[in-house]
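A quick write-up on the structure given underneath.
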Amino acid sequence: MRDPGQVHAIQCTNCGAGLDVLGGGRVTTHVCSYCGSALDALDNYRVLTRFSEMTRPATPLRIGDTGQLMGQGWQIIGILGLCETWAGKSWTWTDHLLFSPTHGYAWLTLEDGHLIVTRRWRKAVSPGWMSSAQVERANTRPGADSDGEHFRYYETSTARIAFAEGEFTWRPRQEDTSTTVSLLGPRTSLAYVDNGQEREIERSWYLPQAAVWDSFGVAVADRPGIAGPHPLQPARVPADTGFLIAASAVFAAVCAVLSVVFLAMGGRDVLPPTPVDLRTLPTEITFDLTETAGLAQLRFHGDLANNTWAWIGATLTDPEDVPLFEAGRELGYYSGRDSEGHWVEDNRDTTVLFHPTEVGTYTLELDIPEGGLGEASDGAVLGSLSVSVREGASSARPPLVLMVIFIVIAIGLFLWRQSAEARRWAGSDWEDDD
Amino acid sequence: MTPIRIVFLVAALGATAGVGYLGFMGIGGASADLDRSIRVGSAGNALASSKVK
């Protein structure tokens, strides 16, 4: 609440222009919007100094504008135009000093079209101070902690006041400079500011842009365009990315365990390994299946001489004497020696997996139509062949497929987050010593 | 617990339970190269065919 006896307006003691008095009791300086005179608010507004040849910064916000920030009402009482020049390049931004009778003072910064709010940070910070010289001497990227957030060094900047207008809680002078060591956290940033006279620690928040512009009554057409991303801008990654990555990894592990368990659940023997009389081919073998749940497995094992192969043709008929399927499998055994040493290709075992359609006696018709030595097809050279059958087997394939999906999700989210973080830190001036 | 976490956990648990059932029953594990085109078909409409002169 404004004191009923408080002054609401003054006349500039230099040019006579009428100036609104909007700030609270901590205002010490009032810079005339018309002549640039800095007036002493604590001494009858006598002229302290004069800002000259100032260029008004490009901001649609004006002194006296009111709006909502972080759930509180604020009024703009002062505007500072700041500039940093380094290596022939210059960067400019505008600080709007805000006042709330109940919440004091804050800065609303407009930089590259982004709105950021900054407040003096009075909570405990570790370390309590960080200078640009300390950063220069550091071997690893400096960090700080406060309010449960960890901050890492981002940049050091030296800003110069290029424009001033309105009320301030200290005495700004044209060409005054301040050095700011900025550290970036996951959600906010922390700054150690040294203006040569005093040191402050400040914390900044990125604002919901459209809502703030709306609350200050700035039309969409008057809002400055955004020139690239801001490091404080929330990364465009799904919410709870860390949780989703961890949860995906856990579910991938669960699927891996399921796969191993199902791989071990190979069912029970229906037909133990049974030799096939190769002289009577083609031949038939019968076996009984007692359940339709799970997989049935036909396993063939051939005794092959070195560098030989044989093609097995199998036709299975169900208890109703209806053919279920026909399948072919190659058995082979090759070995040799090359520049890398001895090698073996052992394919003397092969399987056929199928779902039984009903319980009963199945008939397997077997033949070996082809085979040979090496790559020739000059007749089967199989020493012996045995067949075994199991039923009620599980399959590791479904959990394996889901495991791959969870791994892809986890890796994809991780890379997405890393890429977003890299973009946030792209403007940092820290260089690791290699 | 945020909505996105709840949705993800429910979906992931459902999917894991689903593949658990499929894997246990052996569904999806059959050999992919089985030739089932040899099923014996019907003999055709023999009665109708017999009327063809």
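The values are calculated or read from the model by the stated rules, or taken from the named source; none is laboratory data. All of these numbers come straight from a predicted model, not from anything done at the bench. Note: ideal-geometry Cβ built from the backbone for every residue, glycine included; neighbour counts use all protein chains shown. Each accessible area value is taken on the protein alone, full model and side chains, heavy atoms only, with ligands, DNA and RNA left out. Shrake-Rupley method; radii C 1.70, N 1.55, O 1.52, S 1.80 Å.
Numbers at a glance
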{"read-out": "Odd one out for residue A:323, checked against (1) over 25 Å from residue B:36 (Cβ atoms); (2) in contact with a Leu (Cβ under 9 Å, 6 or more places away or on another chain)", "value": "(1)"}
{"read-out": "Residue list for region A:125-142, restricted to those being exposed (fewer than 14 other Cβ atoms within 10 Å of the Cβ), under 29 Å from the mean Cα position of the chain (by Cα) and within 14 Å of residue A:201 (Cα to Cα)", "value": "A:126, A:127"}
{"read-out": "Residue within region A:335-350 that is among the aromatic types (Phe, Trp, Tyr) and without any contact (Cβ under 8 Å) to a residue 60 or more places away in the chain present", "value": "yes"}
{"read-out": "Residue match in region A:143-153 (condition: surrounded by 18 or more Cβ atoms within 10 Å (Cβ to Cβ), touching an Asp or Glu at 6+ places or on another chain (Cβ under 6 Å) and closer than 25 Å to residue A:228 by Cβ)", "value": "no"}
{"read-out": "Selection count, region A:379-434, where residues are within 30 Å of residue A:243 (Cβ to Cβ) and hydroxyl-bearing (Ser, Thr, Tyr)", "value": "2"}
{"read-out": "Tally of residues being in contact with a Pro (Cβ under 9 Å, 6 or more places away or on another chain) and either farther than 17 Å from residue A:73 by Cα or assigned to a strand (DSSP E or B) (or both) across region A:193-213", "value": "1"}
{"read-out": "Selected residue (criterion: farthest from the other protein chains (Cβ to nearest Cβ)) from residues of region A:297-306 that are modelled with pLDDT of 90 or more and surrounded by fewer than 20 Cβ atoms within 10 Å (Cβ to Cβ)", "value": "A:303"}
{"read-out": "All positions within region A:29-39 that are closer than 27 Å to residue A:73 by Cα, open to solvent by less than 30 Å² (accessible area, probe 1.4 Å) and in a loop (DSSP other than H, G, I, E, B)", "value": "A:32"}
{"read-out": "Sole exception among (1) within 22 Å of residue A:393 (Cβ to Cβ); (2) away from chain B (no Cβ under 14 Å) for residue A:257, by number", "value": "(2)"}
{"read-out": "In region A:73-121, residue most open to solvent (accessible area, probe 1.4 Å) [restricted to those that are among the charged types (D, E, K, R) and farther than 17 Å from residue A:228 by Cβ]", "value": "A:120"}
